[in-house]
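Structure first, then comments.
The numbers here are math on the coordinates, done by the rules we state, and not lab data. Keep in mind it's a predicted model, so treat the numbers as computed, not measured. Cβ placement follows ideal geometry from the backbone for every residue including glycine, while neighbour counts extend to all protein chains displayed.
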Amino acid sequence: MTTQLLQDATQVIPNPQLLINVISKRVRQLGLGHRPMVEVGPRASLTDIALKEIIAGKLSYQQQDADGDGTQ
């Protein structure tokens, strides 16, 4: 994982815990065979691919409140 990619991704998802969760979920998907949504080189790590997808705006996320039912 490159530091520059991580810094760029924190501009898109500033919450570190949320960023880690999004990256982890996407790395699992890529590891199971899902195709990357961005152009990548032959030696790109799954983490770098996930970070590039976040930076490119290809991944979205939805934060829920503490009780998880979506009400406020």
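Okay, here's what the table says:
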read-out: Rough spin-label spacing in nm, given labels placed 7 Å along Cα→Cβ, for THR10 and LYS25; value: 2.2
read-out: Percentage relative contact order, region 3-55, counting C-alpha pairs under 8 Å, at least six apart; value: 50
read-out: Mean residue ellipticity (222 nm) of the chain, computed from DSSP H runs ≥ 4 via -39,500 (n - 2.57), nearest 500; value: -15500 deg cm²/dmol
read-out: In degrees, nearest ten, helix 3-12 long axis to first principal axis of the chain (Cα); value: 30
read-out: Which labelled figure in (i) 17, 15, 11; (ii) 28, 20, 9; (iii) 24, 14, 10 is semi-axes √(5λ) of the Cα gyration tensor in Å, once derived from the coordinates; value: (iii)
read-out: Using alpha-carbon coordinates, inclination of helix 46-55 to the longest axis of the chain, degrees; value: 60
read-out: Along the chain, longest interval not containing exposed trypsin sites (Lys or Arg not before Pro), exposed being DSSP loop plus at most 16 other Cβ atoms within 10 Å; value: 1-42
read-out: Of ASN15, SER45, ILE55, farthest towards positive along the dipole that unit charges on Lys, Arg, Asp, Glu beta carbons give the chain; value: SER45
